[in-house]
Amino acid sequence: MKERLLIANRGEIALRIMEACEELGLDYVVVYTRADEESLHVRRARRKFRIADYRDPNEILAVADEAGCTAVHPGYGFLAEDFRFARRVVKRSRPLIFVGPRWEVIRDLGSKLNVKRLAREMGIPVIPGTIEPLYNEIEAEAKAEELFQWLVENGEPEPRLLIKASAGGGGMGIEEVRELDEVRPIFRRVRAYAKRLFGDEGVVIEAKLSCFQHLEVQILGNQHGELVHFGTRNCTIQSPGRQKRVELAPGFDPAYLTYGFSPEKVLEEIINHSLKMAEAVGYDSVGTWEWLVTPEGRAYLMEVNTRIQVENEISARISRIRRRPVNLIREQIRMALGEKLGYTQRDITFQGTAIELRLVAEDTRRNFRPLSGTITRFQYPRYPWLTVRTHVPEDRPYTIPTEYDPNLALLIVWGEDTPRALERAHRALEEMILEGHTSGGGPLHSNVPYLREKLKEVYRFPV
Amino acid sequence: MGIDHRKINRLLQKLRSHPYCVYAIETPHTGYLRSFRVKEGSEVQPGEILFLLERERNLKPVKSRVSGRVQRLRQDLLDRFVEAGEPILEIWHPLSQEEVISEILQEALQVLRAPETARYLPSPEIEARLRKDGPGKALVHPGEDLLIMTFMKRETPIRHEGPPAVIYRVFFDPQEVVPAGNPLLGLCSPEEVPYIDRVLARIREEWPEQ
Amino acid sequence: MSEIYRELTDLWERAVYLRDIKGEDWENISELVKVLEDLRRDFYERPSADLEKRLPGFQSRILELEDLAARTLTPYEVVRIVRHPQRFTLLDILENVYDRYTELGGEGEINIDPAVVVARAMISRRVGDKVYLHQVMVIGHEKGHGEEFREGGSAKPWGNEKALRYMKIAETEGIPIHFYIFTPGAYPIEDYPGAAQQIARNLYTMAKLKVPMVAFISEGGSGGAEAIGLADMRLMASRGYYSVISPEGAAAIEAKLKSGRPPRELVERCARNLRLTAEDNLRLGTIDRIVPEPPLGARRRDYAFFRRLRYEMIRATDEVVLQTRSLRTFRKYVLSRRNGSEVPEDFGIYVNWELSEDEKEILLENRSRKYREMSRWAICGRVSRLQSYLEKGQDLGTRMFHGLRHGIFRQSQKALRRMFEEFTQEGSAFLKPVTDPVKTVYNLVAGRKKKVPRIVSPIERIEEPEDIYVSPLALEDRTVTCPNAETHGCPDLWVPDLYGEFCGVCPNCGHHFPLEYQWYLNNIFDRGSIREFNEEISSGNPLNFEGYAEKLAEARKKTGRNSAMLTFEAKIGGISLIVAMLIADFRQGTVGVAEGEKFIRACDRARVTRRPFLALVHTTGGIRIHEGTLGVVQMPRCTLAAREYIDSGGLYIVVYDNNSYAGPVASFLGCSPYQFALRSTRLGFAGPRVILETTGQPVPPDYHSAENALRRGHIQGVWDRRELRLKLYEALLTMGGRNLYYR
């Protein structure tokens, strides 16, 4: 039977999934909301259904049944890391294939505490902190003192702790602590907040690293126990809301910059650790292990993302399988449908540097406030070294929907080495045209100047 | 400001030939349209079930929020899968005298709309004037505080900009939260008051109280 | 002339009374009334001699009819006698039985609650030529003779609070209390603190009030009666009624009426089935003695009856007092009783009603024994003698074991604890490394295993699918709409998620969907820790209520259980406790003899083994009407047991859910100092329909919500079902008395 995929997402990721399906010769069906009617992913698709909300599993599944779909691709965001959705997809009376890891894996690796616990058991370094939620102040204070001591011993000039709601995420319910006396009141505040917002009083305490590089390892596994990696990425450049803006692959470039440690060794270490954990949990899809690396070259596992990521393509861009280009979304779908890899780690080679620039309608000078409005002119240059991923049409005005992230486009630039890649990145930013106005009538800002500025900082530890 | 007489006349004409507010009832989400509980032309009351929509084996009644007559019922969609936001029927809600007046006034007057979803109160002076002179007579001068907005536990005054104006209509209830964008006050210049009075008098004659 | 008129009027009044009691169609009574009425009206137009001649005929006819009426009196007619405006009321008693009285807090309508009258009164007795005056507190309901502001004797919560206040005053002053029960039921409103809560408080206090209490029942309307009914001696007027519900109410329930009047014939049958007369109640053992009235009931001018009542009240008080003293005097005194129709003028003996401290203790013991014994004869499915013997032996064994463990070692344990506390005061910085070994040693010595509580997270719950409880509701692939979807924008919920890890709670708005009782058993207590006991005690049909046996059989078949009450031992986070649970599946969780007995036994087990005691209410619809006053007396009985448990230093927690109403809430549940309700609870005394019928006022839909119960001070907190286990665990650690085994 020919498989038919339901694409349960919007924007550029929906377009990339469509493209992967076309490459694999699979049928697909698209869903969209009224606000997205002008989006390219809707215009390009032949079979499409209007739904009320991308986040509502009932809408997705009702359409999947009606359209005779056999599989669901959640993309990223929305339902991608909702283990209940993944479980429902496979457990319902008309089961579908979930393009992603098994739901148990999503559940177990979706909890940061659980990942920490597992990492500790396997001897994988994690940022010091609690691995069980704390419920009372005395324990919290004892733990906080221990962590302050650790930070001082590790040469941290201004030791800080983070107190977080264990059920939280995405920067919500996190507070910083500078000294021991603050622990008790802040702990109580976070606990009350956690209870109110997440219905669980559990609180965790973690040491805060002030200076680090944010690295990722791209993993691919399948149901047959095969497991490979597609190298590393560096995603240190983020907006204050901890949203990634510039990403590079590979994670470090020793030819471009030297450090007080051996970057090759660190990369090897984090790849090995990531593979080890992926193997332990039987990881069976694409996934990303996120790490923090300190200027001393110490690496700590932070979390695991059990989904395809926005920045997957820069890893694909620098990778070759037997000299042929890679598409990770296609690989993800293939694995979900039960296929074998057909290659091993030895067949995967890496070449050059890839940079992803995330073009966002935001006012970077006003605390990265997201903007809405209408794009009246949008054009980007065509080069073999440049891939642009966008759902914004070039041929007509486009109104940015207010209910979703104001991401406009991803510019993916490749160069034989890092300086070449950087130069091309600058060129791409210069040559692209983005004009429009906000709903208030003013000019529509984007983060292009910010991105240009930030290109200077790539691979460098902040001072 | 100035009143566009032609526009008001056009609107009046439109309302006269079509004294309804048409509410298009759409599907709230996808699903199978299982049955209609109303027929073409039937009269419905608020809260009455219009049709049943089934999604993931959950039969959900979709209810009417207004009263009126059912029109353009899409009988052809029965037992078919429908998308979210699909128009299923229209409810032609006959406008009452008050609703017509409110409609006309929103067109005729210079409307001050709620900048935020918040609670609003007339400022003490304005309230006193409204009480003394009544709407249609209370004058407000440039730079005076018209309203006080209570928003996130803070009180922000809303000032009257522009030439002196008469508060012709109060559209909100101080007890209730007003959604952003809803009309708060209708203002006009003192010279326009007699004209608007005449328009309203005409409406009161033409649309008898129900 | 006027003599004849007076006689005529008297005859007419008696005829009207007969008509009121027996009904208009009885023995052409309406015609007779009409004839007498006409005669009265035209009295001065007619020759008096003619009338005089006819009078004896009417007289003998009325006498004949009265005799016939008395002989054929049905239970429902007794109810009519009690409700008749001519019947004596409490104020008549205060006038005629007591020698002097001062009403406290009331002047007719000017009163916090005119339905409840409290008075400081004196009652006199003659011994030889000496007259002794006794001081008593009189507390009771005043129906008034048709005065509307008295609400027919339905006490409001603050009326019962007034009663409670003066009970405590009586205790302070050391004088006996005479209760007079003239109520169709409590006024079913939930204003502060709620009808049920106030009655429960009254019962809780009366259970251990250190003065002799005598109650006299004329109209004993269920929970309203119990609010001032937990007495050492319960007397009842021979034409009074004492019932779990009015015959009309019972008929409405039996006929499943939503509104309107039930048919007369059904009301009659219900009145019969409810066994509500004085004779019935004496036979059932829910009262101690009957005070004889004239055959058709005493009215406000029956002075002989008042003489009788005075005699009975004094004697009853004497007996209660003497039972605390020597048994021999008491026996002698009982033998001196005169049962004849004439009441002796001279008592022949004087009894001092003041009790010494020792006597007060005996008084409480007697009271406890009396109520514990009440209705026990009706328990069905009792364990065999051998089994009960074994149980007793075991009981003795456990008692000794726990005594040894917590009593004898207590000294050294205290010393250890002090040492431990000194250690911990060193500062919390080194808490773990320093105190941990000490804690372990401490636990070792104190013979206590330290168990880290394991709160099962929703995620963990799915991890071991073999022994995970799955609600039968969760086995369908479909979605449901949350009732708050329109206002809160809740998404449709997938049933397996909702009844699985969401614990039946909408994750968006927190709406609680109802769940079966098995869910609670499987999700609140440590896995496999539940040990049920006394399962064999079963609901029976002690009143032979028509149709009830079939209903019981059906409930048994449906649930596989013998009563609506489950009692078991279980653990939460390693802490062992005793649980009593009322379940909806068996007769809507109503309480009868079996349920009450199981509750008491669970209470006692918790007391003896020094365990915390949890009452978990899945649903309770009140006292089961089919067991009549045998059900009603479970209110004082169980409250007494709960009070004794709390007094012994235990921890009694009540958690309500779903519909928790009426008698049980107004007694043994409502008396707990720690009551909590899940968000889905509707908690109160009477449902909206009964309130509308009684008060004529509809109540808002959220009238009985948990939040409003909290606002009124009925409960101490509103809990979320998802956190129930955690909350209970915390409660076990932080609340309760000194005698818990783990303290």
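The values are calculated or read from the model by the stated rules, or taken from the named source; none is laboratory data. Quick caveat, the model's predicted, so the values are computed rather than measured. Heads up, the Cβs are rebuilt from the backbone with ideal geometry, glycines too, and the neighbour counts pull from every protein chain shown. Quick note on the areas: whole protein, heavy atoms, side chains included, nothing else; ligands and nucleic acids left out. Shrake-Rupley method; radii C 1.70, N 1.55, O 1.52, S 1.80 Å.
Brief remarks follow.
- Computed over the range A:213-457: relative contact order in percent, which uses C-alpha pairs under 8 Å that are six or more apart: 19 percent
- Rounded Å value of the spacing that divides the Cα centres of the range C:224-288 and the range B:131-210: 65 Å
- The A-C contact accounts for approximately 1500 Å² of buried accessible area, totalled over both chains at a 1.4 Å probe radius.
- Filter on A:Lys91/C:Lys558; C:Lys370/C:Lys598; B:Lys7/B:Lys137; A:Lys164/A:Lys265 - keep pairs with C-alpha separation over 22 Å: A:Lys91/C:Lys558; B:Lys7/B:Lys137; A:Lys164/A:Lys265
- Relative contact order %, chain C, counting alpha carbon pairs below 8 Å whose residues are six or more apart: 12 percent
- Helical content alone sets the calculated 222 nm signal of chain A at -10000 deg cm²/dmol, taking -39,500 (n - 2.57) per DSSP H segment of four or more residues and averaging over every residue.
- Average beta carbon contacts from partner chains per residue of B:50-59, 10 Å cutoff: 5
- The protein assembly as shown, accessible area per residue, ligands and nucleic acids excluded (1.4 Å, Å²): 44 Å²
- According to the Cα-based calculation, Rg over Rh for the range C:150-280 is 1.02, with Rh computed by the Kirkwood formula.
- Compactness index (Cα Rg / 2.2 N^0.38 Å), chain C: 1.08
- Partner lysines for C:Lys727 [C-alpha distance under 18 Å; skip if fewer than 8 residues away on the same chain]: A:Lys195, C:Lys451, C:Lys571
- Close amide H pairs (under 5 Å, H built 1.01 Å from N) link A:Arg160 with A:Lys208, residues at least 5 positions away or on another chain.
- Straight-distance crosslink candidates among lysines, where the alpha carbon sits under 26 Å from C:Lys34 and sequence neighbours closer than 8 are dropped: C:Lys22, C:Lys53
- Summed buried accessible area for A+B [probe radius 1.4 Å, Å², rounded to 100]: 1100 Å²
- Between amide H atoms placed 1.01 Å from N, distances below 5 Å from C:Leu651 occur with C:Phe613, C:Gly737, all of them 5 or more places distant or on a separate chain.
- Pairwise centroid distance, computed over Cα atoms, of the range C:549-606 with the range A:31-77, Å: 51 Å
- Charge dipole (debye, nearest 20) of the protein assembly as shown; +1 at Cβ of Lys and Arg, -1 at Cβ of Asp and Glu: 2840 debye
- Within 10 Å of the Cβ of each residue in A:59-69, the mean number of Cβ atoms contributed by other protein chains is 4.
- The Rg/Rh ratio of the range A:213-457, with Rg taken over Cα atoms and Rh as the Kirkwood radius over Cα pairs, comes to 0.98.
- Free-standing Cys residues across chain C, given no other cysteine C-beta under 4.7 angstrom: C:Cys270, C:Cys380, C:Cys503, C:Cys509, C:Cys603, C:Cys638, C:Cys671
- Once B binds C, the 1.4 Å probe can no longer reach about 600 Å² of accessible area, counting both sides.
- Taken residue by residue and averaged, Cβ atoms of other chains lying within 10 Å of the Cβ of B:31-39 number 1.
- Prolate/oblate/rounded label for the range B:40-136 (Cα gyration tensor, a/c 1.5): prolate
- Debye log10 I(q)/I(0) for the range B:97-206, one point scatterer per Cα, at q = 0.17, 0.21 Å⁻¹: -0.80, -1.17
- Principal-axis tilt of helix C:157-173 within chain C, Cα atoms, nearest 10 degrees: 90 degrees
- The range A:4-99, relative contact order in percent, only Cα pairs under 8 angstrom and at least six apart counted: 31 percent
- If the Kirkwood radius is taken over C-alpha pairs of the protein assembly as shown, then at 20 °C and 1.002 mPa s the Stokes-Einstein diffusion coefficient equals 55 µm²/s.
- Lysines whose Cα lies under 25 Å from that of C:Lys130, excluding same-chain neighbours fewer than 8 positions away: C:Lys332
- Here the accessible area is traced with a 1.4 Å probe on the protein chains. For the protein assembly as shown, carbon and sulfur cover 50 percent of it.
- Euclidean distance between Cα centres, the range A:254-312 to the range B:19-73, Å: 55 Å
- When the helices of chain C are scored as -39500 (n - 2.57) per DSSP H run of n ≥ 4 and the total is divided over every residue, the value at 222 nm lands at -13500 deg cm²/dmol.
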